[in-house]
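Asker: Pasting in a structure now, in structure tokens, and then I'll have a few things to ask.
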Amino acid sequence: MVDHGGVIRRHELTDHEWQLLAPLIPRAATGRPRIADQQVINGMVYKIRTGVSWRDLPERYGPWQTVYTRYRRYALDGVFTRALPQIQAQADEAGDIDWLVQIDSTIVRAHQHAAATGPSTDKGGHRPDEPDDHALGGCVQLTALSHIRW
């Protein structure tokens, strides 16, 4: 949550988060003065976290068209795609990420015709390139979860 003179705004980046992100945001070299990057980025974060439409963004983030235009430009240019791994690498180097791998074995039911024994299988229903201990419906799902301590 961000404290702006007594008002706590939970849908905005903290000052520390902004310090990590700010160097990765492109700067406009020419043109008229822009609305502050932090203000516009906070508008993007607010929109994504709350799910409001662009037109319903609070006025404190500037004109919604500006926030939307910059969001679209950054998304198309890959700004966010490049920023995430860089911030994760910095946090990992500092020891601020706890990497947790969770293994979940789940049974998945398949339709009766999913076990078809056609020309690609032997008489026992196994494909020649599959080990004997593989069975229909056995599914192992690996989920990598990262937790960044901001």
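Asker: Using the Cα gyration tensor of segment 1-99, with a ≥ b ≥ c the square roots of its eigenvalues, what is the shape: rounded (a/c below 1.5), prolate (a/b larger than b/c) or oblate (neither)?
Answerer: It is oblate, given that a/c is not under 1.5 and a/b is not larger than b/c.
Asker: Here's another thing I want to ask about it. Starting from the amide H of residue 14, placed 1.01 Å from N in the peptide plane, find each other amide H under 5 Å away whose residue is 5 or more places distant or on another chain.
Answerer: The answer is none.
Asker: Here's another thing I want to ask about it. Scan segment 29-81 for trypsin sites (Lys or Arg not before Pro) in coil per DSSP, keeping those whose Cβ has at most 15 other Cβ atoms within 10 Å, and list them by number.
Answerer: 34
Read the figures in this text as sums done on the coordinates, not as results from a lab. Just so we're clear, the structure is a prediction, and the values are computed from it rather than from any experiment. Note that we place each Cβ from the backbone using ideal geometry, even for glycine, and neighbour counts take in every protein chain shown.
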